[in-house]
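*Asks:* Here it is: the structure, laid out below.
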Amino acid sequence: MNTRTAFLLIALLAAQACDRRVESFAPGEKPQTPDLSKIFPAGADRAAQPAAQMPLAPGRGAPPVEPLAAPIEGTIELAPELAGSVPAGAVLFLMAHGAAGGPLVAAQRIPFREFPLPFSIGAADHMMSATPFAGPLRISARIDGDGNAATRDAGDLLGASEGTHQPGDRGVVVTISEVQGETTASAPPAAATGATAAAAAPPAALATTASGAIEGTLELAPELAGRVPPRAVLYLIARTAQGGPPIAVVRVDNPSFPMPFSIGPENRMNQSLPFAGEMRISARVDGDGNPMTRTPGDLQGSSEAANAPGDRGVTLLIDEVL
């Protein structure tokens, strides 16, 4: 290789090594911060990235896992004089309410054949996960002739335990001793229910008392007939006409359509909220049974107009798929 060829080769290699596509420097040009918004969302360049942390092992600073509250256990008994009053095909509903008449905390639908019947009701039977299974609680039961948790019919059998209870209580006795719509010999006068008091009231007062609930029929759009999943749960919800949190909620396991419904003051989530004024009634067929979630495939619907306590003949069509 001669001297001229070697010099040209060295010059070519030097030019390639220095080619970084850098534009020429303009005199007086000042350095600028790059515009990161072109590749990052606003604020992403300033957001501090948290350091990755391994989960703490139990006993090494990890917060303790909160155990579920223990269930309340006992026995459901039927007053002897009502032994022949249990209709064929009836369903028993066991319920836990707040001691002050608050929302329904937990509920069970229990198949039964004979009494006495042992029971256990606890956090696993939650109606609303936001409402803790915590005492004091009132435990009651209803033998329902049509098996529909959303209705209360004359002839249904009712009862409750004495006093209130705390999670973990054992030996609780719930005695079913009343008949919906009438007074039984086993119920003392002082323990008359709202239905009993209404039966003894004058006609004007009876009309006022009986007007508390909104009643009607739940229907399922024909095209959704095959979309109701097995073991689905239906939630019937009343809200103010302006929206907001639920005022009253009714839970129905394994719904079938068409289905009569009734929602009223006894179904309130919070007894301090009045069941009054214009309300919107809606329903959701929930596949996972969790009222706090809305899962694709759940079915829902609502009444066409606002309703007021005492309205009858309301039709609610479930015709929408989430």
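The values are calculated or read from the model by the stated rules, or taken from the named source; none is laboratory data. All of these numbers come straight from a predicted model, not from anything done at the bench. Cβ atoms come from the backbone with ideal geometry, glycine included; neighbour counts cover every protein chain shown. Ligands, DNA and RNA are stripped out before the accessible areas are found, and what is left, the full protein with its side chains, is counted by its heavy atoms. Shrake-Rupley method; radii C 1.70, N 1.55, O 1.52, S 1.80 Å.
*Asks:* Can you pull out every residue in the stretch 248-300 that is open to solvent by less than 20 Å² (accessible area, probe 1.4 Å), among the β-branched types (Val, Ile, Thr) and under 26 Å from residue 138 (Cβ atoms)?
*Replies:* Hits for the stretch 248-300 are 250, 252, 263.
*Asks:* Restricting attention to the stretch 211-234, does a residue exist that is open to solvent by 60 Å² or more (accessible area, probe 1.4 Å), in a helix (DSSP H, G or I), touching an Asp or Glu at 6+ places or on another chain (Cβ under 9 Å) and farther than 27 Å from residue 110 by Cα?
*Replies:* yes
*Asks:* Moving on to the next point. Of all residues being among the acidic types (Asp, Glu) and in a strand (DSSP E or B) in the stretch 301-321, which is surrounded by the fewest Cβ atoms within 10 Å (Cβ to Cβ)? Just the residue, please.
*Replies:* Looking at the filtered set, the residue picked out is 320.
*Asks:* Next question. Just for the stretch 72-89: of the residues that are of a type in the set (A, V, I, L, M, F, W, C) and outside any strand (DSSP E or B), which one is surrounded by the fewest Cβ atoms within 10 Å (Cβ to Cβ)?
*Replies:* 88
*Asks:* How many of the residues in the stretch 255-273 are under 17 Å from the mean Cα position of the chain (by Cα) and under 21 Å from residue 228 (Cβ atoms)?
*Replies:* Going through the stretch 255-273 one residue at a time, the tally reaches 2.
*Asks:* Can you name every residue in the stretch 90-114 that is within 15 Å of residue 145 (Cβ to Cβ), open to solvent by 30 Å² or more (accessible area, probe 1.4 Å) and modelled with pLDDT of 80 or more?
*Replies:* The one that is within 15 Å of residue 145 (Cβ to Cβ), open to solvent by 30 Å² or more (accessible area, probe 1.4 Å) and modelled with pLDDT of 80 or more: 109.
*Asks:* Picking from 153, 169, which residue would you name as being modelled with pLDDT of 90 or more and either within 22 Å of residue 213 (Cα to Cα) or not in a strand (DSSP E or B) (or both)?
*Replies:* Within the list 153, 169, the selection yields 169.
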